[in-house]
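Student: Have a look at this one.
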Amino acid sequence: MIVLPGTTNSHLAADLARRLDARIEAPETKRFPDGEAYVRVSEAVKGEHAVIVQSTYPNDRFIELLLLQDACRRTGARRITTVIPYLAYARQDTLFKTGEAVSMEALARCITLDTDEVVTVDPHKEHILRFFGGKATSVSAVPDIADYLQEHAKPDLLLAPDKGALDRVERAARHLGVEFDYLEKTRISGTDVEMKPKALDVKGRRVAILDDMISTGGTMATAIRQLKVQGATYIAAACTHGLFVGGAEERLRSAGCDAVLATDTLEGPAAVIPAAPAVARLVASL
Ligand code: R5P
């Protein structure tokens, strides 16, 4: 087995190779002056099980992934496993309005062409895996996030930012043996929304809010401000995929967040929880 890191997840790929006791062969990657991507993989891939590790964010990394898959196939890899730590476009997973693209389906169609299987971490919704025609499996970093929270934040209450995210939070809470709830939004006026736990009181409690991703941090920041007013003594914002666009971490801290945590499916200062243990368990079982 040879692990091939693309440009998005060198840390996770190295961790994965170590855990799988596999060789790591970094492909040659560069950009042409017009921005086009170039990749070249080592001849060592011939006859091997190649494990490509590349997220599809930002957009040009998706192109790089397709090139890596093509290069592995042409070089004669015996088997190609595509590990996509952060699978972008998963939120556009259905036709919300006529005339739209179902973006996840369009990307999945391309990704499945040159691979034997796809492994991804905590996709936005599990049903998107069907777009990969039976080739995709997901793993969850939720138990690892829960363990990290227990060691570093010691929450006594886990909250989902909305009812749709409750399943993930329930799994983490049951893993830790703490209470859980979801935040219910009530519109107070044209501009104001109240967010509070559906059933529980946060007064005097150490709270962790867990979401699959933090993008602008807008959802979390609104929740954090209100939970502070409601008396939470400590608030951690945790997610699998920390995109943190446009100063999101700062936005969360200004809202009163005590800790911002993410896995390393996307690299960055908050990416303190390794996703490789979960990925390695699955890849080793393939
Ligand atoms: C939404 O469905 C996702 O699960 C996240 O809650 C959302 O993408 C977070 O976005 P933002 O950080 O921009 O509020």
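Student: Quick one: how many residues across the range 214-226 are farther than 13 Å from A160 by Cβ and either within 12 Å of the ligand (Cβ to nearest atom) or in contact with a Pro (Cβ under 9 Å, 6 or more places away or on another chain) (or both)?
Tutor: If we filter the range 214-226 for residues that are farther than 13 Å from A160 by Cβ, which is where we start, we get 214-218, 221-222, 224-226.
The next check asks that each one be either within 12 Å of the ligand (Cβ to nearest atom) or in contact with a Pro (Cβ under 9 Å, 6 or more places away or on another chain) (or both); those that pass are 214-218, 221-222, 224.
Residues meeting the conditions: 8.
Student: Got a sec? Which of D60, D93, D34, D122 is more than 23 Å from A284 (Cα to Cα), acidic (D, E) and within 16 Å of the ligand (Cβ to nearest atom)?
Tutor: Details: D60 fails: within 16 Å of the ligand (Cβ to nearest atom); D34 fails: within 16 Å of the ligand (Cβ to nearest atom); D122 fails: more than 23 Å from A284 (Cα to Cα).
Going through D60, D93, D34, D122 in turn, the sole match is D93.
Student: Can I ask one more? Which of (1) under 20 Å from L266 (Cα atoms); (2) surrounded by fewer than 22 Cβ atoms within 10 Å (Cβ to Cβ) does T94 not meet, given it meets every other one?
Tutor: The number of the failed condition is (1).
Student: What is the residue count in the range 182-202 for residues that are under 25 Å from E249 (Cα atoms), away from the ligand (no atom under 16 Å from the Cβ) and of a type in the set (D, E)? Working first, answer last.
Tutor: Taking the range 182-202 and keeping what is under 25 Å from E249 (Cα atoms), we get 182-185, 191-197, 202.
The next check asks that each one be away from the ligand (no atom under 16 Å from the Cβ); those that pass are 191-192, 194, 196-197, 202.
Filter again for of a type in the set (D, E), leaving 192, 194.
Residues flagged as under 25 Å from E249 (Cα atoms), away from the ligand (no atom under 16 Å from the Cβ) and of a type in the set (D, E) within the range 182-202 amount to 2.
Student: Among the strands (runs of 3 or more DSSP E) lying completely within the range 109-211, list those that include at least 3 residues that are buried (at least 17 other Cβ atoms within 10 Å of the Cβ) and modelled with pLDDT of 95 or more. First the steps, then the outcome.
Tutor: Working: elements: 117-121, 136-139, 157-160, 179-187, 193-197.
In the range 109-211, 117-121, 136-139, 157-160, 179-187 are the strands (runs of 3 or more DSSP E) which contain 3 or more residues that are buried (at least 17 other Cβ atoms within 10 Å of the Cβ) and modelled with pLDDT of 95 or more.
Student: May I pose another question? Return the total of residues in the range 56-99 being assigned to a loop (DSSP other than H, G, I, E, B) and either among the small types (G, A, S) or within 25 Å of T240 (Cβ to Cβ) (or both). Please lay out each step first, then the result.
Tutor: In the first step, residues of the range 56-99 are kept if they are assigned to a loop (DSSP other than H, G, I, E, B); the result is 56-58, 76-78, 85-99.
Then keep just the ones that are either among the small types (G, A, S) or within 25 Å of T240 (Cβ to Cβ) (or both); that gives 56-58, 76-77, 85-94, 96, 99.
Total satisfying the criteria: 17.
Student: Check R205, R174 and return the single one that is away from the ligand (no atom under 16 Å from the Cβ), in contact (Cβ under 8 Å) with a residue 40 or more places away in the chain and in contact with a strand residue (DSSP E or B) (Cβ under 9 Å, 6 or more places away or on another chain).
Tutor: Numbers: R174 fails: in contact (Cβ under 8 Å) with a residue 40 or more places away in the chain.
Matching residue, one of R205, R174: R205.
Student: While we're looking at this one, here's another question. In the set A108, A77, A101, which member is under 17 Å from the mean Cα position of the chain (by Cα) and among the small types (G, A, S)?
Tutor: A108
Student: Return the pair list, or none, for Cβ contacts closer than 6 Å from residues in the range 234-250 that are touching a residue at least 60 places away in the same chain (Cβ under 8 Å) to residues that are in a strand (DSSP E or B) and among the hydroxyl-bearing types (S, T, Y), at least 6 apart or on different chains.
Tutor: T240/T263
Student: If we only count strands (runs of 3 or more DSSP E) wholly inside the range 1-55, which ones have 2 or more residues that are crowded, with 21+ Cβ neighbours inside 10 Å and touching a Gly at 6+ places or on another chain (Cβ under 7 Å)? So that I can check it myself, show each step before the final result.
Tutor: Working: elements: 2-5, 28-31, 37-40, 49-53.
Fully inside the range 1-55 and qualifying: 49-53.
The values are calculated or read from the model by the stated rules, or taken from the named source; none is laboratory data. All figures in this text were calculated on a predicted structure; none of them were measured in a lab. Quick reminder, even Gly has a Cβ in these numbers, built from the backbone with ideal geometry, and neighbours come from all protein chains shown.
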